[in-house]
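*Asks:* Take a look at the following structure, please.
The values are calculated or read from the model by the stated rules, or taken from the named source; none is laboratory data. None of the values given here were measured: they were computed from a predicted structure. Glycine gets a Cβ as well: all are built from the backbone with ideal geometry, and neighbour counts include every protein chain shown. Note: areas computed on protein heavy atoms with side chains; ligands, DNA, RNA excluded. Shrake-Rupley method; radii C 1.70, N 1.55, O 1.52, S 1.80 Å.
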Amino acid sequence: MNYKIILLLLLLINYTQAQNIIKSPKEFWAYEPGEQFAFHHEVVAYFQHVADQSDYVDLIQFGTTHEGRPQILAVISSPENLKSIEQIKKNNLIAAGFETGSIQGKHIPIVWLGYSIHGNESAGTTAASPTLYALASLARPEMKDWLDNLVVLIDPSHNPDGYSRYVNWYKQTQNLRLNPARNTWEHTEPWPGGRYNHYLFDLNRDWTWQTQQESRNRIKIYQQWMPHVLVDLHEMGVNSPYHFAPASRPMHEDITPWQKEFQKHTGENNSRYFDKEGWLYFTKEVYDLFYPSYGDTWPTFNGAIGFTYEQGGSGRAGLGVVIENQDTLTLKDRMLHHFTSSIATVETAFKHREKLISEFKKYFQDSRSNPPGMYKTYILKAQKESDNHKLRAFTSLMDKIGIQYGFASGSGASLKGYAYRENADKSFKIEEGDIVVSAYQNKSKLLKVLMEPHPVLEDSLTYDLTAWALPFAYGLEAYALKERINPSDQEVKWETPAFENIENAYAYLCAWEDLRHAAFLGDLLQQNIKVRHNLEDIKIADQEFRRGTLIITRADNPTFEKKLGQIIRETALKHQVKITPILSGFAQNGPDLGSSKIETISKPKVALLAGEDISPTAFGELWYFFEQDLGYPIDILPLSSLRRQDLHQYQVILLPSGNYDTYSFNLMDYASQGGKLIAIGSAVETFASNTQTKLGQLFKKQEDESQKKKDEIKPDDEKHLKKYQDQERKELEDQVAGAIYKIYLDDTHPLAFGKKDYFYIVKDNNQVYPYLTEKGWNVGYFKKDSHTAGFIGNKLKTKLINTLAIGQENYGSGALIYFMDSPVFRSFWHDGKLILANAVFFW
């Protein structure tokens, strides 16, 4: 492999005396980048060294990860620019309309280079230090001019915890001499792998939702800079050549002509360097610009031009691996390719610096004066019955991503707009407490992308979700209006729920309608306070309380005496929930509080299974749900130890999407003796393939009938005629990448408490299961009109009609609960979190 480019760049004589004392990565680490992996702390130390020694570099720590590692950003520009960097930042924000005032001094483009958001795609972080050194030491004469006219930001590791997990494992398993054979230990990364962060989230799907600490920290500093160009550097399968821009279709309709044009300019400049070295690459395939929470689409919908660069390698590659042409692909090769594309992109930005500035300014001017799409205002209705918890969660996201909103300026006016819940135009009245989001603002394009009910999909061959509209994600009553309505100037402040601390109250009641109520319940149970809930609606003290209402009686908690009210008050304030004290247990309608229909809620001991054959991200979103959303303790059990565990000490065991066939006997034995199993996603297959379960019996019958229909197709039927080149599209007929579906509910079942007659999920698998008959309950189900938004194959769409979405069947003295799709998808899907809490606490 020819390394002349990197050798020339890193060994040329430096241009200033100040730069002479900067050590190269090799001098600093005592090994050449790519000869071995640098630990994360070594990368941080090198970046700090360069910042300490170079007049061209400042270093910012902008956060820490879940495991306490620093998140850093190198700021690289001329010494003169760095002295006035705050004004340069401010000028950029003024030009975009995020700050007021006039531009003073230089107004220059900002380029962000971000590496290894998937931690085991380690060539990125390996390339970050040589890229920093080349720029800081002015390794090419023209770089001085670049840095006079640009600011370059380098984040060497978008995912420090995942990168560290991978590097630590690799160093423990690598041979003394490089062994490139793919079947060896050092090329077989164990579960869960280094791709994900601490909670095993895919951070490259979290840019917009910011469920994870790393993402929140990154987006906060991103919005202080608002770069013009962002490159997100990845790796893919070992046999793939390099990928760079232009991106593939589908491209979202709101991507501007200039953004597409700059993609082409960048690809052409990258290809010039790759052609010179004879390196293989491809463009315009696989990596689209549609789903808005990627490292390329988030910047693109924020006025920049975002790129995904992909190098063959990833966790299988290690320091070197044999690929299909029998060559050995080394970490040095992979690093060099990323290094080259990084430098080439900075060069492209320099060449087009004036247009980057003018188009960036125009992007936001157009957003403010002529927002895209037909809808100019979004109205989110106040959720008075649930203390606006869902609306608060929605506005919290708006705050994070920088979208402005306000309260309605008046009430009682009759309006007409697209109603998300009805999927049709509808008249409604605007009321006090409604949230108004006007499209006439800087981030109107991002707002449109996140709120559009039916994104225009130019090509069904997509890489991820095809629908994500926030009113569905938060379960909100919402309307999109074609006319402009401005919110009031009143600052949005949410009232703190409060109640009079009546010491002699007979009981304290709390609605069950949102995740915060579930967190409140979990907190009370951990304090050993006994809680009940009603199985039927009741009216008491002239107030209506729906099924699932939390009821804390003084009779159930005699040991707390007069402190009970104080404890409930403090816990309620902590979780921001409303409490209603009552003085009598007599119900005007429905069962009295002493009825058997007012059930005691047990304090469940919960286990979550982890390990090989389980989806890391499916496990991670449940782990995060319990620790961060619900605040309720769980035991994580390795799947491999299941036969040695005393499972009967647990009341609830959760099975994330995965394969559990090997442990089917142990799980069924647990359930038969009173345990509760909650199976999610592909975990349901273990029970559908077991004819001891009702689901298994019915599924077998369904499969037999399906096979019979297939057998009826004659060998000479023209349906067998298909073109090889159409195979990918043919497969899509029975697939779904991620569409929004309405699940209809039996709201009298405890699994559906807190909901009405439906809620929304992201459908991201092609599982189809029949309704349960005797010994089972069809708690949630798909109907003909369930498909709400996003692409789904025609065959699968038809198959899903009148099938099971959430089921519960009795098994022995225990219970099996089935979720065909994750109710807490990627943790940003708020509307399903209460349903999962129901499964844990109520049944």
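*Asks:* Using a cut-off of under 18 Å, list every residue of the range 586-616 whose amide N is near the label point 7 Å from the Cα of SER813 along the Cα-to-beta-carbon line.
*Replies:* 602-605
*Asks:* Could you point to the residue in VAL167, ILE801, TYR309 farthest towards the positive end of the chain's charge dipole, with +1 and -1 charges on the Cβ of Lys/Arg and Asp/Glu respectively?
*Replies:* The listed residue farthest towards the positive side: ILE801.
*Asks:* Let me ask something additional. Rounded to the nearest Å, what's the spacing between the alpha carbon centres of the range 230-246 and the range 771-834? Just the number, please.
*Replies:* Using only Cα atoms to place each centre, the spacing works out to 36 Å.
*Asks:* At 1.4 Å probe size, with no ligands or nucleic acids counted, give the accessible surface of TYR46 in Å², nearest ten.
*Replies:* 0 Å²
*Asks:* Could I ask something else about it? Between GLU67 and HIS107, 0.36 nm times their residue separation minus their Cα-Cα distance comes to what?
*Replies:* 10.6 nm
*Asks:* Looking at the chain, send over the antiparallel percent of its DSSP beta bridges, to the nearest 5. Can you show the working numbers first?
*Replies:* Working: 72 of 111 bridges.
Here the antiparallel bridges make up roughly 65 percent for the chain.
*Asks:* Per residue, how many Å² of accessible area does the range 381-446 show with a 1.4 Å probe?
*Replies:* 39 Å²
*Asks:* Then there is this: Any chance you could give the angle, 0 to 90 degrees and rounded to 10, that helix 85-96 forms with the longest Cα principal axis of the chain?
*Replies:* Helix 85-96 sits roughly 60 degrees off the main axis of the chain.
*Asks:* Given a Förster distance of 30 angstrom, what is the FRET efficiency for GLN566 paired with LYS400, based on the Cβ-Cβ distance and rounded to 0.05?
*Replies:* Step by step, r from the Cβ atoms, then E = 0.30.
*Asks:* Please give the per residue accessible area of the range 124-175, computed with a probe of 1.4 Å over protein heavy atoms only, in Å².
*Replies:* Result: 19 Å² per residue.
*Asks:* A further question follows. Could you give the dipole magnitude of the chain about its Cα centre, charging the beta-carbon of Lys and Arg +1 and that of Asp and Glu -1, in debye to the nearest 20?
*Replies:* For the chain, the charge dipole is close to 660 debye.
*Asks:* Would you mind checking which residues have amide H under 5 Å from THR64's amide H? H placed 1.01 Å from N; only 5 or more apart, or other chain.
*Replies:* Amide H neighbours of THR64: GLN71.
*Asks:* I've got another one for you. Can you give the FRET efficiency for LYS362 and ASN486, using 1/(1 + (r/R0)^6), R0 = 25 Å, r = Cβ-Cβ distance, to the nearest 0.05?
*Replies:* 0.60
*Asks:* Lys/Arg Cβ at +1, Asp/Glu Cβ at -1, dipole of the chain taken about the Cα centre: which of PRO70, ILE598, ALA51 is farthest positive-ward?
*Replies:* My answer, from the dipole projection, is ILE598.
*Asks:* Let me ask something additional. If packing is taken as the mean number of other Cβ atoms within 10 Å per residue, what is the order of 779-788, 793-802, highest first?
*Replies:* Ranking the peptides 779-788, 793-802 by packing returns 779-788, 793-802.
*Asks:* Follow-up. Rounded to the nearest whole Å², what accessible area per residue is found for the range 509-549 with the 1.4 Å probe?
*Replies:* That works out to 35 Å² per residue.
*Asks:* For the Cα atoms of the chain, what angle does the longest principal axis make with the long axis of helix 563-575, in degrees from 0 to 90, nearest 10?
*Replies:* Approximately 40 degrees, to the nearest 10.
*Asks:* By accessible area of protein heavy atoms, probe 1.4 Å, what ranking do ARG69, ARG368 get, highest first?
*Replies:* Reading off the accessible areas and sorting them downward yields ARG368, ARG69.
*Asks:* By accessible area of protein heavy atoms, probe 1.4 Å, what ranking do LYS493, LYS362, LYS390 get, highest first?
*Replies:* LYS493, LYS362, LYS390
*Asks:* Follow-up question, since we're still on this one. For the range 520-560 and the range 446-497, compute the distance between their C-alpha centroids and round to whole Å.
*Replies:* 35 Å
*Asks:* Can I ask one more? Would you mind counting up the charge near THR173? Only other residues with Cβ under 15 Å from its Cβ, with Lys and Arg at +1 and Asp and Glu at -1.
*Replies:* Details: positive: ARG165, LYS171, ARG177, ARG182, ARG316; negative: GLU186, GLU189.
Here the count lands on +3.
*Asks:* Continuing with this model, one more query. Which order do peptides 436-445, 21-30 fall in by mean Cβ count within 10 Å, highest first?
*Replies:* 436-445, 21-30
*Asks:* Right, something else. Filter the GluC sites (Glu not before Pro) in the range 445-497 to those in DSSP coil with at most 16 other Cβ atoms within 10 Å of their Cβ, and list the result.
*Replies:* Filter output for the range 445-497: GLU458, GLU483, GLU491, GLU495.
*Asks:* So for the pair THR173, LEU280, with labels modelled 7 Å out along Cα→Cβ, what separation do we get in nm?
*Replies:* Going by the 7 Å Cα→Cβ label model, 2.5 nm.
*Asks:* Rank by packing, highest mean first: peptides 425-432, 608-615, with packing defined as the count of other Cβ atoms within 10 Å averaged across residues.
*Replies:* Working: 425-432: 14.1, 608-615: 19.6.
Descending mean neighbour count gives 608-615, 425-432.
*Asks:* Which stretch or stretches of the range 473-487 have amide N atoms under 17 Å from the point lying 7 Å from LYS426's Cα along the Cα→Cβ direction?
*Replies:* It comes to 473-482, nothing else.
*Asks:* To continue, here is another question. Please name which of PHE626, SER615, LEU642 has its Cα lying farthest along the dipole of the range 608-665 towards the positive end, using unit charges on Cβ (Lys, Arg +1; Asp, Glu -1) and the Cα centre as origin.
*Replies:* It is LEU642, whose Cα lies furthest towards the positive end.
*Asks:* Please compute the modelled spin-label separation between GLN526 and ASP635, points set 7 Å along Cα→Cβ, answer in nm with one decimal.
*Replies:* 1.8 nm
*Asks:* Right, something else. Could you work out [θ]222 nm for the chain from helices alone, using -39500 (n - 2.57) per DSSP H run of at least four and dividing by all its residues? Round to the nearest 500 deg cm²/dmol.
*Replies:* After summing the helix terms and dividing by residue count, I get -9500 deg cm²/dmol.
*Asks:* Ok, one more. Subtract the Cα-Cα distance of HIS648 and GLU458 from 0.36 nm times their separation in residues, and report this length gain in nm to one decimal.
*Replies:* Net length gain for the segment: 63.2 nm.
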